1. Within a 10 angstrom radius of the beta carbon, how do GLU286, GLU292 rank from fewest other beta carbons to most?
2. Write down the Å³ per residue value for the convex hull defined by the alpha carbon atoms of segment 254-346.
3. Which aspartates and glutamates, if any, have their Cα less than 17 Å from the Cα of LYS288, not counting same-chain residues under 8 positions apart?
4. How many angstrom lie between the C-alpha centres of segment 112-175 and segment 272-325?
5. Residue-wise, which Karplus ³J(HN,Hα) couplings in Hz belong to segment 218-232, taking 6.51 cos²θ - 1.76 cosθ + 1.60, θ = phi - 60°, and x for glycine or proline?
6. At a Cα cut-off below 12 Å, give the aspartates and glutamates reachable from LYS319, other chains included and same-chain residues fewer than 8 away excluded.
7. Can you list residues whose amide H is under 5 Å from THR352's amide H, if they're 5+ apart or on another chain and H is modeled 1.01 Å from N?
8. Subtracting the Cα-Cα distance from 0.36 nm times the residue separation, let me have the gained length for ARG444 to TRP270 in nm, one decimal.
Amino acid sequence: MIQIMIRNTRAPIHIMVLALAVLGFRAQVNAADINDAPTGKWRTWIGIVDTSTPPVSSTSDGIVARKLSVAETRDPVVQKWLQQWTATPASIVWNDVVLDLIVKYQQNPLRAARTLAYVHVAMHDALVMASREGKEGVLMLAAVHGAASATLSYFYPQEPAARFGAMGYAAVQTLATTNPSGLVKIRRGWEIGQTAAHHTSQRALNDGADATWDLKQRPAIRPGLWQAAPPLNAYRPLEPMAGRWHTWVLRDGSELSPPPPPVYDSREYWEEVHKVMQTAAQLTEEQKKIAEDWNLGFGTVTPAGVWNRQAREHVLRQKLNTAQTARLFAALNVAMMDAFISCWSTKFRFWTERPVTVIRAKFNPEFLPHIVTPPFPSYPSGHATVSGAASEVLASFFPEQSGKFRAMAVEASKSRLYGGIHFPVDNEEGLKVGQKIGRRVIERLAAN
């Protein structure tokens, strides 16, 4: 069984202050290694961005207002921090911040994947645009921090207004203290990052995620169609408009749709129902744990967070440089966002009923699955679709671990059968679609 590591921490304010200091020393990480990658030739995800004028011309004025003194740089605590974080790419620093916020605000899996995609796209595009102006590592690192801090301010307006800006400033100020000859480049990188964040936020503002759903669009309840499932009994489904969000590599959410699910009351349909009942009746302790480990709803890092954690682990193990890490995280999260959009497009086209309501109506009125059934239609499985996409992206970046990633995706898909909340066909077809989306993302990268 594959172990899933989930962070559910909420740091008190004094720890946050310390984290800012640590983040600042992380800012100098890999300032030279970016030159090893042909970043200037990479395509941006948002499109060609005009970085000649930043959205706010004065944003870079104070980023190097104070330098560390010689005594401070020789402080053993400071030196320990410098040594501790010299192998941590900037994208990972900000990924940790996003995952903590996803937990703090209990974002649902779709919103979590969307936030991760935009934050990492902003960092990737800022790095690419900066590299087109120069190959200095400090230029590109400052761009990454400027993009991340400004994009997070857009996605988390509930946070204190200056928090993310302060985190970005801490990073580039420390970068400036160790690269005093690069102050002009650092200022310019910050401006490029702010501009990339502006364009990224504009896309987010118009991607359809704010559209509202009219409850009257829900089809009338009848056998075979989704209905409120116990114990939540939520009549309004979760994110019914997500299938119409603006995609990254797909034409729209319906482009790679799976075949229609088995028709209600057909032989194939009842075979699927009986497989759920049989699995539930014979559930092993290992299967229960798999179902529980993958039960990643509100208050967790969600499935997207689990796959980001896998990426983080292998980036550090393989010692990917800053540019390759930014490229990986952007591709991974774009793939998962498109996978959710595709999955939700299909869910709300067929509106298929969940196993629990079918089984309670026809076979056992007391039946409850091992985990709680989420409030949206069954076909296909979101876990399977997203995991299929993520596994293909990670397999491409770390081919020696491809078997592990694909096995993890299969486990994620089967976990929903073990949990009693999906039919086998939901998982099988979702996994196939997700894999296609993951490969589509890799094809886009290869075409650069």
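Where a number appears in this text, it was derived from the coordinates with a stated rule and is not lab data. All of these numbers come straight from a predicted model, not from anything done at the bench. Methodologically, a virtual Cβ is constructed for each residue, glycine included, from the backbone with ideal geometry; neighbour enumeration extends over all protein chains shown.
1. So the ranking, lowest neighbour count to highest, is GLU286, GLU292.
2. Convex hull of Cα atoms, per residue: 156 Å³.
3. GLU411
4. Each part's Cα centre sits 28 Å from the other's.
5. Once θ is set to phi - 60°, the couplings for segment 218-232 become 5, x, 4, 5, 8, x, x, 9, 4, 9, 4, 10, x, x, 6 Hz.
6. ASP33
7. Hits under the 5 Å cutoff: TRP226, SER378, TYR379.
8. Contour length minus Cα-Cα distance gives 58.6 nm.
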